[in-house]
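Read the structure below first, then the notes.
The values are calculated or read from the model by the stated rules, or taken from the named source; none is laboratory data. Model, not experiment: these values are computed from the prediction. Methodologically, a virtual Cβ is constructed for each residue, glycine included, from the backbone with ideal geometry; neighbour enumeration extends over all protein chains shown. What goes into the accessible areas is simple: the full protein's heavy atoms, side chains included, and nothing from ligands, DNA or RNA. Shrake-Rupley method; radii C 1.70, N 1.55, O 1.52, S 1.80 Å.
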Amino acid sequence: MPVLERIITVMSVYIDRVSQQVVEVYERERERWLAHQSSVRAVRVQEILAGNERPDAGASAALNYVLHQNHLAAIIWVPDTGSGDMLARIESATHDVAGFMGAMTDPLFVAADRVTGWVWVPLGTRAAPRRGYGELRDFLEARHPGLVMAVGGVTNGPEGFRQSYTRAQRARALAIAAGKNAPVVTAYDEPGVSTVALLIEDVASTRAWVRSVLRGLAADNENAARLRETVQVYLASNLSNVAAAKQIDLHYNSVKYRVKRAAEERGEDFTGDRLAVELALLVCQWLGPVVVTPDQAKGRADGQRSGWAVRVGSVTVRGGSSGSLTASSRAM
């Protein structure tokens, strides 16, 4: 019995050691294989996006993704570039989002860098996602806070594969330009997004154009922002004070007064070049401080708060931001 026990013990240790070595070798080979597959997938995707080849069944097999169907391309990234390697988290979010939007099979995921992933959601013959973009925003905020997303819309076939991706890139450029003004999900096919996305290709010219159209209404302060919002709703309501008042929950006389004040700030009414005004207001809504005029009055107020002076008779009393007071006199 002692001899048998010794034999069993030695054999068990030997089998455990060999098994551990086999598992380690397998894991290394599997990681190497996955890295190779990921590289091949990235190369094939780049070739398709560049239009260097005509995608066929071989391309679909290499990608493990059917190209002849409806696609919803998206880009998911982490705005904080100092977050480290976030690809595992982004890929996990990709599968959650794809399932939420009604993917027919697993999505196609390609890493663009350590904080950005390209995604194609396979929709089969479905012409629209299962859920709207508003629901998608709520889902992403609740399940994957800290991630943001740009969506290119539903397109079909290999050409749609490229087109939806290009649109997602434009939506992402707009989201980056808008900064904190951008929602968690920026969708290219939502009203106004595609238009403003084209205008940000030359931000300096767009900024100059917006200021020339809105003039005083383009000031960067709360009052001007409130007037811009009211005028935007007023124009969208076909110049109806009553309809605009219902949308923004104000009395129609208040809307009428704000529109009048906005016209005074601009220097003319909004009927002569209504289309330009609506477009300029849309750009302000998205880009905010990037295009509006810095508020000089606000800067002066800040300067006055940081240092002020009051003359009383022949004595000048000065105050600083720290609350200290100094007095000086001058011969009259």
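Here are some notes:
- If the chain linking Leu239 and Val25 were pulled fully straight, counting 0.36 nm for each residue of separation and taking away their Cα-Cα distance, it would gain 69.8 nm.
- Derived scalar couplings ³J(HN,Hα) [region 89-95; Karplus, 6.51 cos²θ - 1.76 cosθ + 1.60; whole Hz; x for Gly, Pro]: 5, 5, 5, 4, 5, 4, 5
- Sequence-ordered 3J(HN,Hα) estimates for region 13-25 from the Karplus curve with 6.51, -1.76 and 1.60 and θ = phi - 60° stand at 4, 4, 5, 4, 5, 5, 4, 4, 5, 4, 4, 4, 4 Hz, glycine and proline given as x.
- Summarising the label geometry, the points placed 7 Å from Cα in the beta-carbon direction at Glu190 and Val10 lie 7.2 nm from one another.
- Percent accessible area from carbon and sulfur atoms, region 236-291, protein chains only, probe 1.4 Å: 51
- Taking the protein heavy atoms of region 72-211 in the context of the full set of protein chains, the accessible area attributed to carbon and sulfur is 50 percent at 1.4 Å.
- FRET efficiency, 1/(1 + (r/R0)^6) with R0 25 Å, evaluated for Ala225 and Ala142 via beta carbons: 0.30
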